[in-house]
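> My questions will all concern the structure given below.
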Amino acid sequence: QLPAADNALLAHDHTAILDALTSGLGPGVEVRRGVRATEALLDGSGRVVGVRLDEGDGGGGQDVRVPLVVAADGIGSRLRRAAGIEGRRSDYPHRLVSFELTGADHDSEDFSAYLTGRGLRLVYPLPGGRLRLYLQAQPGELRGLDEDGFARWGEQAVREVPALEGLSEAVPKAAATRQLFPVARFLAERLAVPGLALVGESAYAVHPMAAQGMNSAITSAASLAEQLAARLTPSAAPAARPGTPQPPDPEAVDAALRAYEEERLPVLAHTARTSDNAARMVTDLSWPGRVLGRRAVRCTGANPRLLHSITYNMAGLGPRPLTPLDQLHQIGLLPDPRAHRVPSE
């Protein structure tokens with residue numbers, strides 16, 4: 001239902017995505033892998049002017065001073081804390097188990113989340129004929145299980161879903177690839193302070209079911225680049241050495257950071273709400289949550305207008321906020337006379 005250029009979904013290995021992004025960097029960019037930024041450097045006014053790296057001669061730290069720091073260091077970001085940016089983190093009352101399957105009898109283009117009596121079952125393809133499988137588990141449900149125990153638990157979990165029954169032989173074979181992890185959502189109160197911008201999960205994290213992490217990281221990075229490009233011009237001052245570019249004006253950098261935050265923070269806040277609602281529809285196992293979640297799934301699926309709006313938002317093309325009336329339509333409390341009025345774009 002989405003525009004032709006946006007009606008596909010891509011999944012890839014994390015390292016391959018990083019390699020693709022790195023390959024587009026200019027010749028003047030130095031890449032250092034495996035180096036940790038331990039803290040942000042501040043000047044007398046409180047502006048971030050660089051980072052301290054956990055490397056250097058003798059094992060000591062190395063200070064790197066730069067006109068702009070982009071903190072993309074995850075939900076537990078050290079740089080975000082060093083810059084004094086607060087945020088709201090909420091943990092979901094369940095965990096996820098992931099398996100990586102090979103040689104499975106399953107549609108190689110299927111990217112689906114399944115609602116079950118025991119929570120989420122999510123499957124999506126990866127290159128090389130592999131599949132990633134996420135299974136919801138209660139916090140203490142898997143305590144003490146060894147590899148054989150995980151194999152039996154995973155096999156039973158997919159047998160409960162007719163569409164996934166073809167994975168029942170592949171899951172036990174993939175028990176050694178299992179990963180068990182908690183799930184949280186997070187939204188920073190700000191995206192920037194003078195000299196520093198947040199991108200990716202340092203600013204925003206959602207449930208994996210929503211598939212919004214990489215989307216939002218890339219669109220945020222693009223927004224930041226556009227705001228910087230619109231305000232930064234090559235300096236007319238002579239360079240200290242021929243061929244050495246002058247650093248950008250700090251005031252212009254900070255103006256771009258303010259514009260970046262103004263543009264992206266409302267979008268991320270809306271996407272966070274949409275993603276959380278979608279995750280809870282499938283993962284909430286309380287009695288009220290299961291009743292409302294199933295009604296919302298059924299009613300949304302039967303309403304082309306709402307389905308289009310939610311798909312548009314989840315694809316990162318939004319926001320198209322749902323009104324309170326839309327939410328009543330979504331859980332079937334009121335009929336929707338506009339249900340078949342799907343937007344043309």
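> Give, as ranges by residue number, the residues of region 77-109 whose backbone N falls under 18 Å from the point 7 Å along Cα→Cβ of Glu141.
91-100
> For region 56-107, run through the trypsin sites (Lys or Arg not before Pro) and keep only the ones in DSSP coil with at most 16 other Cβ atoms within 10 Å of their Cβ. Present the calculation step by step, with values, prior to reporting the outcome.
On the way: sites: Arg65, Arg78, Arg80, Arg81, Arg88, Arg89, Arg95; in loops: none.
When the trypsin sites (Lys or Arg not before Pro) of region 56-107 are filtered for loop state and at most 16 Cβ neighbours within 10 Å, nothing remains.
> Rg over Rh of region 93-200, using C-alpha atoms and the Kirkwood radius, what does it come to?
Radius of gyration over Kirkwood radius for region 93-200 works out to 1.09.
> For the chain, which semi-axes, largest first and in whole Å, follow from the square roots of 5 times the eigenvalues of its Cα gyration tensor? List each step's numbers first, then the result.
Values: eigenvalues 319, 141, 72 Å².
Its equivalent ellipsoid spans semi-axes of 40, 27, 19 Å.
> Quote to one decimal, in nm, the extra length available between Ala339 and Ala184 on full extension: 0.36 nm per residue of separation minus the C-alpha distance between them. It would help to have the intermediate numbers written out before the result.
On the way: separation 155, 0.36 × 155 = 55.80 nm, distance 3.32 nm.
This chain segment gains 52.5 nm when fully extended.
> Express in Å², to the nearest 10, the accessible area of Leu285 obtained by rolling a 1.4 Å probe over the protein heavy atoms while all chains stay in place.
Around 50 Å² of this residue is reachable by solvent.
> Also, I was wondering about something else. For Leu126, which sequence-distant residues (separation of 5 or more, or a different chain) have an amide H within less than 5 Å of its own amide H, given hydrogens modelled in the peptide plane?
Result for Leu126 returns Leu131, Arg132.
> Which sequence of Phe111, Phe186 reflects their accessible areas, 1.4 Å probe, from the largest down? Let's see the in-between values first.
Working: Phe111 70, Phe186 15 Å².
Sorted by accessible area, descending: Phe111, Phe186.
> If each residue of separation counts as 0.36 nm, what is the full-extension length gain between Ala222 and Ala302 once their alpha-carbon separation is subtracted?
Values: separation 80, 0.36 × 80 = 28.80 nm, distance 3.48 nm.
Here the segment from Ala222 to Ala302 would lengthen by 25.3 nm.
> Right, another one. What 222 nm value per residue comes from the helices of the chain, counting each DSSP H run with n ≥ 4 as -39,500 (n - 2.57) and dividing by all residues, nearest 500 deg cm²/dmol?
Numbers: 9 runs with 118 residues, N = 345.
Calculated from helices alone, the mean residue ellipticity at 222 nm is -11000 deg cm²/dmol.
> OK, next. Determine the dipole magnitude for region 90-183: charges of +1 sit on the beta-carbon of Lys and Arg, -1 on that of Asp and Glu, nothing else is charged, the reference point is the Cα centre, and the result goes in debye to the nearest 20.
Details: 10 positive and 14 negative charges, 53 e Å.
The dipole of region 90-183 has a size of about 260 debye.
> Note down the magnitude of the dipole of the chain about its Cα centre, charges +1 on Lys and Arg C-beta and -1 on Asp and Glu C-beta and zero elsewhere, to the nearest 20 debye. Let's see the in-between values first.
Values: 37 positive and 40 negative charges, 181 e Å.
Once rounded to the nearest 20, the dipole reads 860 debye.
> Report ³J(HN,Hα) in whole Hz for each residue of region 132-141, in order, from the Karplus equation J = 6.51 cos²θ - 1.76 cosθ + 1.60 where θ = phi - 60°; Gly and Pro get x.
Result, ordered by residue: 9, 10, 10, 10, 6, 9, 6, x, x, 5 Hz.
> Right, something else. With a 1.4 Å probe and all protein chains left in place, how much of the accessible area of the chain comes from carbon and sulfur atoms, in whole percent? Walk me through the numbers before you get to the answer.
Working: 10040 of 18950 Å².
On the chain, the fraction of accessible area on carbon and sulfur atoms equals 53 percent.
> I've got another one for you. In a Gaussian network model over the chain where Cα atoms closer than 10 Å are linked, find which of Gly154, Gly119, Gly84 has the largest mean-square fluctuation.
Gly84
> Rg to Rh for region 1-90: what is it, with Cα atoms only and Rh by Kirkwood? Mind dumping the intermediate values first?
Numbers: Rg = 17.4 Å, Rh = 16.2 Å.
Rounded to two decimals, Rg over Rh is 1.07.
> For the chain, report the accessible area per residue in Å² (1.4 Å probe, heavy atoms, rounded to an integer).
Working: 18950 Å² over 345 residues.
It amounts to 55 Å² per residue over the chain.
> Express in Å², to the nearest 10, the accessible area of Asp110 obtained by rolling a 1.4 Å probe over the protein heavy atoms while all chains stay in place.
20
> Scan around Val66 for amide H atoms under 5 Å from its own, H built in the peptide plane at 1.01 Å from N, and keep only partners 5 or more places away or cross-chain.
Placed amide hydrogens put Gly50, Val51 under 5 Å from Val66.
> How much length is gained on full extension from Leu10 to Arg47, taking 0.36 nm per residue of separation minus their Cα-Cα distance? Kindly include the intermediate steps, with their values, before the conclusion.
Values: separation 37, 0.36 × 37 = 13.32 nm, distance 3.82 nm.
9.5 nm is the gain from fully extending Leu10 to Arg47.
> Please list, in chain and number order, the residues 5+ apart from Tyr92 or on another chain whose amide H is under 5 Å from its amide H, with Hs placed from the backbone.
Val183, Ala184, Arg185
The values are calculated or read from the model by the stated rules, or taken from the named source; none is laboratory data. If you're wondering where the values come from, they're calculated on a predicted model, not measured in any experiment. Positions of Cβ are generated from backbone atoms using ideal geometry, with glycine treated the same way; all protein chains shown enter the neighbour counts. Areas reflect the complete protein model, heavy atoms only, side chains present, ligands, DNA and RNA absent. Shrake-Rupley method; radii C 1.70, N 1.55, O 1.52, S 1.80 Å.
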